[in-house]
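The values are calculated or read from the model by the stated rules, or taken from the named source; none is laboratory data. Quantities reported herein were computed from a predicted structural model and do not represent experimental measurements. All Cβ positions, even for glycine, are placed from backbone atoms using ideal geometry, and neighbour counts span all protein chains on display. Surface areas here come from the heavy atoms of the whole protein model, side chains and all, with no ligands, DNA or RNA. Shrake-Rupley method; radii C 1.70, N 1.55, O 1.52, S 1.80 Å.
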Amino acid sequence: MIQSSFENYKLSSELLKAIDMLNYKSPTKVQEMVIPAVLEHKDVIVKSQTGSGKTAAFAIPICDLVDWDENKPQVLVITPTRELAIQVKEDIFNLGRFKRLKVSAIYGRSSFYNQEKELKQKTHVVVGTPGRIIDHLERGTFDTSKIKYLIIDEADEMLSMGFVEQIEDIIGKLPDERTTILLSATLPKDIAVLCDKYMKNPVYAEIEEENKAIDRIVQERYEVDENDKLNLLRDITTLENPDSCIIFCSTKIKTDELFDELAKLNYTCEKIHGGMEQSDRLRVMNDFKQGYFRYLVATDVAARGIDIDDISLVINYDIPQDKESYVHRIGRTGRVDRNGKAITFVTPDESKYLDDIHKYIGKEIELKERPDKEAVKDKEQEFIEKMNGAPEIKQRKGEQLSRDIIKLHINAGKKTKMRPVDVVGTLCSIEGMSAVDIGIINIADVSTFVEILNNKGEMVLKELQKKPIKGKLRKVKKVEI
Ligand code: AMP
């Protein structure tokens, strides 16, 4: 079989460069189906799990189609959770990096004012959660008149969270002439109704994976009494000694309690649940992605959509009470062609939930005997060594993309009437610089940030020490990306 390639899609060189630097060698199945359809402006319904490359499946063609010169948002992506909004924003930003696309995320429990300011500037893509999108629409701070592409991500989750009316309200505020893409892991009837109402002759892309994530994951279960769970967890983590592990609990309180227990036992661990501040949740997620600690105790907040590579073990400390949640939880391991392991604790009165899961996944999760005490003892030293050892910090996604880019801070902004054209004008007057070397420009009240691409940042920084911008010499320095 001929291996398909991104080169076949006639994408711009900026997109191909980003795809290459993200190390995507060839399109995944869902991408093979979705990219050509979206490039032809067709509406698409995608039935696919996360982990299949579905974000890039719509992000690649959308980034290519966006008109850079248009200042108002052209793309709206609706996601059920803030975490997913941030992740999708990052994915689109990485893919659109060399096309210099501006991507904003708008979500609740985060400064409305800052989001409003961001939306006032040039923005190509807006990613947001339903409630906050509506807030911006109602207050007139999000201009949707130029939206040409609407993406509804994780539609089934959005519906089960009760967002259907909000979604319809949002759609009602968008131009009719648009391409609509809906992605969902399952397609229950109410989603079909939504598609009928708002999509035009959609292409239907269902991805029957030959090697489904769920089949790549070794699934085991243990019968255990509630008050014996912590002991079992200790034995299993000692034996498995995973590099990274998520432990799911059913409630915030249980998450807090288990986290406290594990911290007392010197596990390198953190917790995440919906009762925490947004900024703490983000920090925990990022640190976990980079491998700063090995164990994350979580409620289902962390189960959906979140893309973390290399989670070797998922433990359902509490069995999920809804069968779909089981699949989402264990899907945190075994991502894109990797193998993983999922272990579920079942107490004697929870067999009903287990039966539901068995029916849903179409097979029985293997029942294991409690680990042998001797075997656990043998592994204890190794376990302690790993726990006390320094973690191996992983590169952030997109870091590779940022390698040749330097961000500069210029000490002047809107208050001194600085405009992008002033910055571009000065930069292009430097020998060896042209517009393609200039990345995203962000003008705040008294500051301007500009990215210099293609390894030219240091040279530009030096030149700008003696070159005026908008008639005056400005303080220019390098800042963190
Ligand atoms: P998603 O299904 O969107 O959650 O994507 C799962 C993971 O696959 C993400 O880490 C992507 O960066 C990665 N990915 C997307 N497309 C490709 C590709 N063509 N080749 C390799 N990895 C990919």
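Regarding the range 439-450, can at least one residue be identified that is in contact (Cβ under 8 Å) with a residue 60 or more places away in the chain, open to solvent by 70 Å² or more (accessible area, probe 1.4 Å) and either part of a loop (DSSP other than H, G, I, E, B) or in contact with a Gly (Cβ under 9 Å, 6 or more places away or on another chain) (or both)? Looking for residues that are in contact (Cβ under 8 Å) with a residue 60 or more places away in the chain, open to solvent by 70 Å² or more (accessible area, probe 1.4 Å) and either part of a loop (DSSP other than H, G, I, E, B) or in contact with a Gly (Cβ under 9 Å, 6 or more places away or on another chain) (or both), one finds none in the range 439-450, hence no. Report whether or not Thr186 is exposed (fewer than 15 other Cβ atoms within 10 Å of the Cβ) and under 26 Å from Thr28 (Cβ atoms). When the stated conditions are applied, Thr186 passes them.
Every residue, every condition in (1) modelled with pLDDT of 90 or more; (2) part of a helix (DSSP H, G or I); (3) in contact with a strand residue (DSSP E or B) (Cβ under 6 Å, 6 or more places away or on another chain), yes or no:
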| residue | (1), (2), (3) |
| --- | --- |
| Leu401 | no, yes, no |
| Lys415 | yes, yes, no |
| Met418 | yes, no, yes |
| Val421 | yes, yes, no |
| Glu431 | yes, no, no |
| Asn454 | no, no, no |
| Val460 | yes, yes, yes |
| Lys466 | yes, no, no |
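Checked against (1) within 16 Å of the ligand (Cβ to nearest atom); (2) open to solvent by less than 60 Å² (accessible area, probe 1.4 Å); (3) not small (Gly, Ala, Ser), Val284 passes all but a single condition, namely (1). So, Arg370, is that one under 29 Å from Asn94 (Cβ atoms) and in contact (Cβ under 8 Å) with a residue 40 or more places away in the chain or not? Spelling it out, it is not the case that Arg370 is under 29 Å from Asn94 (Cβ atoms) and in contact (Cβ under 8 Å) with a residue 40 or more places away in the chain.
Among the conditions (1) open to solvent by 10 Å² or more (accessible area, probe 1.4 Å); (2) over 20 Å from the mean Cα position of the chain (by Cα), Val44 misses just one, which is (1).
Remark: Ile60 matches the filter, which requires a residue to be over 25 Å from Glu168 (Cα atoms) and in a helix (DSSP H, G or I). Residues in the range 317-339: is at least one among the aromatic types (Phe, Trp, Tyr), in contact (Cβ under 8 Å) with a residue 40 or more places away in the chain and assigned to a loop (DSSP other than H, G, I, E, B)? Looking for residues that are among the aromatic types (Phe, Trp, Tyr), in contact (Cβ under 8 Å) with a residue 40 or more places away in the chain and assigned to a loop (DSSP other than H, G, I, E, B), one finds at least one in the range 317-339, hence yes. Leu84 satisfies every condition listed in (1) at pLDDT below 95; (2) open to solvent by 10 Å² or more (accessible area, probe 1.4 Å); (3) within 16 Å of the ligand (Cβ to nearest atom) except (2). For the range 147-175, the set of residues classified as part of a helix (DSSP H, G or I) and either of a type in the set (Gly, Ala, Ser) or at positive phi (or both) consists of Ala155, Ser160, Gly172, listed by residue number.
When the range 355-367 is filtered for residues that are hydrophobic (A, V, I, L, M, F, W, C) and either touching a residue at least 60 places away in the same chain (Cβ under 8 Å) or farther than 22 Å from Glu240 by Cβ (or both), the ones remaining, listed by number, are Ile361, Ile365, Leu367.
Residues of the range 1-53 that are of a type in the set (Lys, Arg) and more than 8 Å from the ligand (Cβ to nearest atom): Lys10, Lys17, Lys29, Lys42, Lys47. Just a yes or no: is a residue in the range 96-115 out of contact with any helix residue (DSSP H, G or I) (no Cβ under 9 Å at 6 or more places or on another chain) and part of a helix (DSSP H, G or I)? Checked against the condition, which is being out of contact with any helix residue (DSSP H, G or I) (no Cβ under 9 Å at 6 or more places or on another chain) and part of a helix (DSSP H, G or I), the range 96-115 yields at least one hit. When restricted to residues that are more than 23 Å from Glu157 (Cα to Cα) and out of contact with any helix residue (DSSP H, G or I) (no Cβ under 7 Å at 6 or more places or on another chain), the range 29-60 contains 5. The residues on offer are Gly108, Gly96, Gly131, Gly140, and the sole one that is open to solvent by 50 Å² or more (accessible area, probe 1.4 Å) and of a type outside the set (Lys, Arg) is Gly140.
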